[in-house]
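Notes for the one structure printed next.
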Amino acid sequence: MPVYSEKVMDHFMNPRNVGEIENPDGVGEVGNPVCGDMMTFYVKVKDNRLEDVKFRTFGCGAAIAVSSMVSEMAKGKTLEKAMKITPRSVADKLEGLPKQKFHCSNLGAQALNKAIKDYLSKKKGGGKK
Ligand code: FES
């Protein structure tokens with residue numbers, strides 16, 4: 001059994017920002033074929049900032065804690081800053097992740113990134129008129 005930090009346990013037991021956003025500006029879904037875990041991030045953007053961030057995660061305890069932490073870190077940030085959230089910075093904020101659980105934090109950073117890119121590509125395509 002991996003040993004989790006108190007921060008991980010806290011975010012696992014009481015995850016923040018769980019759920020979906022109605023009419024999101026961007027959605028990012030990623031999965032890990034090895035463990036089969038899935039994460040979806042939803043973002044709402046206003047004035048180049050992440051006004052709201054929510055997620056649905058079907059995965060291990062670390063994946064849930066990671067999603068919760070990523071959503072907290074991302075909320076209120078500019079898109080540029082939010083895209084710089086790395087798996088390492090998420091793991092650090094969680095006071096560390098066991099080595100075999102590090103891929104869980106990759107998923108979180110990737111899913112958020114994908115959601116932001118989704119928003120940017122929709123914007124470029126002139127989806128909203
Ligand atoms: Fe795969 Fe955690 S075990 S995301």
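The values are calculated or read from the model by the stated rules, or taken from the named source; none is laboratory data. What you see is a predicted model, and the numbers here were worked out from it, not measured in a lab. All Cβ positions, even for glycine, are placed from backbone atoms using ideal geometry, and neighbour counts span all protein chains on display. Accessible surface areas use protein heavy atoms only, side chains included; no ligands, DNA or RNA. Shrake-Rupley method; radii C 1.70, N 1.55, O 1.52, S 1.80 Å.
With an a/c value of 1.5 or above and a/b not larger than b/c for the gyration tensor axes a ≥ b ≥ c computed over the alpha-carbon atoms, the stretch 38-98 is described as oblate.
Of the beta bridges in the chain, as assigned by DSSP with both residues counted there, near 95 percent are antiparallel. Per-residue ellipticity at 222 nm, computed for the chain from helices alone with -39500 (n - 2.57) per DSSP H run of at least four residues, works out to -13500 deg cm²/dmol. Computed extension length for Glu51-Lys7: 13.4 nm, one decimal, from 0.36 nm per residue of separation with the Cα-Cα distance subtracted. Of all complete DSSP H helices in the chain, those with a Cα span along the helix axis of 15 Å or greater and a mean Kyte-Doolittle hydropathy of -0.5 or more are 61-74. From the largest down, the chain spans 52, 28, 23 angstrom on the principal axes of its Cα atoms.
Solvent-accessible area per residue in the chain equals 55 Å², computed with a 1.4 angstrom probe and all protein chains kept.
Glu51 exposes around 100 Å² of accessible area when a 1.4 Å probe is run over every protein chain in place. Ordering Pro2, Val45, Val30 by the projection of their Cα atoms onto the charge dipole of the stretch 1-50, which places +1 on the Cβ of Lys and Arg and -1 on the Cβ of Asp and Glu, puts Val45 at the extreme positive end.
Atom-type composition of the exposed protein surface of the chain places 53 percent of the accessible area on carbon and sulfur (1.4 angstrom probe).
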